[in-house]
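In what follows, a structure is listed as structure tokens, so that the remarks can point back to it.
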Amino acid sequence: MAKPKRSLRCSECGREALAWSGQCGGCGAWNTLEEVTAAPARGGSGARPQRDAPRPTPLREVRAERSARLRTGIAELDRVLGGGLVPGSLILLGGAPGIGKSTIAGMALANLAAGGGQTLYVSGEESAAQVRRRAERLGEAALDVPMLAEPSLEAVLAALESERPDACVIDSVQTLAVAEAAPGSVGAVREATSALLEAAKRLDVTLILIGHLTKEGSLAGPRALEHLVDCVLHFEGERERTFRTLRALKNRFGATSEIGVFEMRAGGLVEVADPSARFVGEARPAPGSVILCAMEGTRPLLVEVQALVAPTEVEPPRRTATGVDRNRLALVLAVLARHAGLPLSSADVFVNVAGGVRVDEPGADLAVALAVASAHSGRPLESGGKPLACFGELGLTGEIRYVAHADRRVAEARKFGLPHVLGPPPGDEKITGLTGATTLAEALKGVGARGRLRSAA
Ligand code: TYD
Ligand code: MG
């Protein structure tokens, strides 16, 4: 009999390594390689398994019935999911502690239960009494959801088998006790997920697995799970702030760029159906403030980008980005220095997207650049009594590049009382309200000495 093979695996991302090293080559984590014993390979080396070759089926003949989706009754959640929960699917819901994962999951189950669906809430994280107290805050329907304070995988599988709910929440996947593996370890989380996946498909139960994020922002262990599950949702925002955004990082049944915006209130999460109106309403023209016409999935979204530039003697100066990518900020600052002559090497630069929203798209560059330039000069940029609205990607030579959906971005700005938008040259398209600029220098000139955008031709 072949000997079991010893190999090394990263406890963070699950990548296998050939030789021991201090740092994992997959995720870059330190001291995470652990020795694992792999089952001996079946068959001898080079021996072909003896079986009949399977016959492939033409795709046309493959059966693919589309089952009706379960509406959670939370419109923003249903939209991010691509139209509701797909029966028999496995969803991983990740986010920092306290962000509202249990709340949104509890609300979704409450709505499903109110609509006559069979639900189940498994909590390994909190006691039954704690879950009840949350449900009391969420309203009468939340109290109808059956719950199980059962942190063992075996018991959960047995309960799924006997209860056969339409939808079940597991809060959280890291607290499930799996025989022989330490709870929360990559091995345990992976084993639990594989077993739950099998049960979800077989029993046609939609499972929502709640997963914690590590301080570094990765789903602890669950990075290794992303390929197992159908959908990875990420709940983000700052705990101290009321706005939360829900984003699909992976979705086998819908787009991944959709976001849902929520606000945490006393009675649970409230959907913000028109976030642009909220963010524009709160923005005032001031040095360092501009409005970015962003696209979040299929939806245009107006957000306020704020910057602060403060002289410093600290070396190297601070660069803090909240809501925009740090590397993108570094690029924008370099372009500002090189192509607009902005001396920022002895200044701290802070950039923030108001409301705790994250914008992950290249179209944010111009807004970051203009906010920093405005903060640096102390001159507000305004248009129609509001901060200047803009969008566009910056190239390394200081050019403003075209980004998708220019027309929809401008239309959204106009809808919320911002008639003039600064952006990339529209090309052949005729977009009312868009003032095009070819380069960053031209854009800065275009806003004029008084910080007002000269209206579009
Ligand atoms: P929770 O859903 O428990 O977060 P997570 O499961 O992601 O750790 O809730 C997070 C916070 O929300 C908690 O500090 C209390 C607050 N909260 C409200 O403000 N209103 C509510 O109605 C509820 C249920 C919670
Ligand atoms: Mg929780």
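Each reported figure results from applying straightforward, stated rules to the coordinates on display, with no laboratory input. Quick caveat: nothing in here was measured; it's all calculated off a predicted structure. Note that we place each Cβ from the backbone using ideal geometry, even for glycine, and neighbour counts take in every protein chain shown.
Nearest 20 debye, what's the magnitude of the dipole of the chain about its Cα centre given +1 on Lys and Arg Cβ and -1 on Asp and Glu Cβ?
Dipole of the chain, to the nearest 20 debye: 880 debye.
For D348, what residues show an amide H to amide H distance below 5 Å, using hydrogens built from the backbone and excluding near sequence neighbours?
Here A310, T312, R318 satisfy the definition.
Pick out, from S21, P317, P362, the residue whose Cα sits farthest towards the positive end of the charge dipole of the chain, with +1 on the Cβ of Lys and Arg and -1 on the Cβ of Asp and Glu.
P362
Could you work out the relative contact order of region 291-398? I mean the mean sequence separation of Cα pairs under 8 Å and 6+ apart, divided by the number of residues, in percent.
36 percent
Between V314 and A404, what length in nm is gained on full extension when 0.36 nm per residue of separation is reduced by their alpha carbon distance?
Computed gain between V314 and A404 is 28.5 nm.
Sum up the lysine pairs in the chain that clear both bars: alpha-carbon distance under 18 Å and a spacing of 8 or more or different chains.
Final tally of qualifying lysine pairs is 4.
For region 430-435, what does the Karplus curve 6.51 cos²θ - 1.76 cosθ + 1.60, with θ = phi - 60°, yield as ³J(HN,Hα) per residue in whole Hz, taken in order and with x for Gly and Pro?
Ordered by residue, 3J(HN,Hα) equals 9, 10, 5, x, 9, 9 Hz.
Which order results if R63, R134 are arranged by neighbouring Cβ count within 10 Å, fewest first?
Fewest to most other Cβ atoms nearby, the residues stand as R63, R134.
Taking amide H positions as placed 1.01 Å from N in the peptide plane, with prolines and chain starts having none, which residues 5 or more places from D274, or on another chain, fall under 5 Å of its amide H?
So D274 has HN proximity to no qualifying residue.
Can you give me the relative contact order of the chain as a percent, contacts being Cα pairs under 8 Å and 6 or more apart?
With pairs under 8 Å counted, the relative contact order is 12 percent.
When the Karplus curve 6.51 cos²θ - 1.76 cosθ + 1.60 is applied with θ = phi - 60°, which whole-Hz ³J(HN,Hα) does each residue of region 111-127 get, with x for Gly and Pro?
For region 111-127, the Karplus-derived couplings read 5, 5, 5, 5, x, x, x, 8, 10, 8, 10, 9, 10, x, 8, 10, 6 Hz, x marking Gly and Pro.
How many percent of DSSP beta bridges within the chain run antiparallel, rounded to 5?
55 percent
Pull up all non-local amide H partners of E34: gap of 5 or more, or a different chain, and H-to-H distance under 5 Å with H placed in the peptide plane.
HN-HN under 5 Å from E34: R9, C10, S11.
What ranking, highest mean first, results for peptides 385-398, 318-331 when packing means the other Cβ atoms within 10 Å averaged over each residue?
385-398, 318-331
Let me spell out the model: positive unit charges on the Cβ of Lys and Arg, negative unit charges on the Cβ of Asp and Glu, origin at the Cα centre of region 314-457. What dipole size does that give, in debye rounded to 20?
420 debye
For region 379-396, what does the Karplus curve 6.51 cos²θ - 1.76 cosθ + 1.60, with θ = phi - 60°, yield as ³J(HN,Hα) per residue in whole Hz, taken in order and with x for Gly and Pro?
10, x, 10, 9, 7, x, x, 10, x, 4, 9, 7, 6, x, 9, 9, x, 5
Using Cβ-Cβ distances only, list the Cys residues of the chain with no partner cysteine under 4.7 Å, sorted by number.
Those would be C168, C231, C293, C390, since no other cysteine Cβ in the chain comes under 4.7 Å of theirs.
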